[in-house]
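J.: Attaching a single structure in structure tokens format; questions to follow.
The values are calculated or read from the model by the stated rules, or taken from the named source; none is laboratory data. Keep in mind it's a predicted model, so treat the numbers as computed, not measured. Backbone-built Cβ (ideal geometry, glycine too); neighbour counts: all protein chains shown. Surface areas here come from the heavy atoms of the whole protein model, side chains and all, with no ligands, DNA or RNA. Shrake-Rupley method; radii C 1.70, N 1.55, O 1.52, S 1.80 Å.
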Amino acid sequence: MEDFLKGRLGGEGGYDIRCSIDGDRITGRAGGKIHGKDIDLEITERGVQGSVGSSPVIIELDAGELKGKVGNEKLTLRGVDRVTGYFGEPITGWNVAAQQQGSQLVGRLGSTVLGRDFQLELGSAPGWVGALVAVVAFYALEPRASAAQR
């Protein structure tokens, strides 16, 4: 059964996120037709793997946490409907905090001043999937999130 995950990263001046979820596969796009990146992720027995644009996404479940990389940036997420974690390196990275309320996920990447809010309609997906997609979209579209690649 196909489900949809859609919402916005960064409020009014931000980006749309639109993905379909078919079984264990998440496919879609972050951003628009001109400034956007394709998302292709698969949930496996060990974690999540796939890509955003041409960057790899490799994350594994380790001691109750999802740990791995989105492109060249480290990611750690913990929780299911209340998700916390960290994206990037110490000092230059971003905190991740999100809360699922029914089929809605509301969260923030980064600090109060420099961070980005996000809000996603999850359909029947758990909150951690929405938080992961928000981080992947942030990496794909925010120049400061993927600066290590340039």
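J.: Put a dot 7 Å past each Cα toward the Cβ at GLU12 and HIS35; how far apart are the dots in nm?
T.: 1.7 nm
J.: Once neighbouring chains are kept in place and the probe is 1.4 Å, which whole percent of the accessible area of segment 1-144 is contributed by carbon and sulfur? Walk me through the numbers on the way to the answer.
T.: Working: 3800 of 7400 Å².
Result for segment 1-144: 51 percent of the exposed heavy-atom area is carbon or sulfur.
J.: At 7 Å along Cα-to-Cβ for each site, give me the label-to-label distance between SER124 and GLU2 in nm.
T.: Those two pseudo-labels are separated by 1.5 nm.
J.: Expressed in nm to one decimal, what extension gain is obtained for the pair GLU60 and GLN99 from 0.36 nm per residue of sequence separation less their Cα-Cα distance?
T.: 11.9 nm
J.: Right, something else. In square angstrom, what is the accessible area per residue of the chain with a 1.4 angstrom probe? Intermediate values should be presented prior to the final figure.
T.: On the way: 7810 Å² over 150 residues.
Ligands and nucleic acids excluded, the result is 52 Å² per residue.
J.: Can you give the local net charge around ALA137? Use residues other than it whose beta-carbon is closer than 12 angstrom to its beta-carbon, Lys and Arg +1, Asp and Glu -1. Before the final figure, lay out the partial values.
T.: On the way: positive: LYS6, ARG8, ARG18, ARG29, LYS37, ARG116; negative: ASP16, ASP38, GLU142.
In short, +3.
J.: Determine, at each q value in 0.16, 0.20 (inverse angstroms), the log₁₀ of I(q)/I(0) that the Debye formula gives when each Cα of segment 26-150 is one equal point scatterer.
T.: For segment 26-150, the Cα-only Debye profile gives -0.72, -1.19.
J.: Can I ask one more? What dipole magnitude, in Debye to the nearest 20, does segment 1-117 give about its Cα centre under +1 on Lys/Arg Cβ and -1 on Asp/Glu Cβ?
T.: 380 debye
J.: Once phi is turned into θ = phi - 60°, what whole-Hz ³J(HN,Hα) does the Karplus curve with 6.51, -1.76 and 1.60 give for every residue of segment 46-51, x standing for Gly and Pro?
T.: 9, x, 9, 9, x, 8
J.: Straight-line reach only, C-alpha to C-alpha below 25 angstrom: list the lysines that LYS67 could link to, leaving out same-chain residues fewer than 8 apart.
T.: Candidates past the 8-residue exclusion: LYS6, LYS37.
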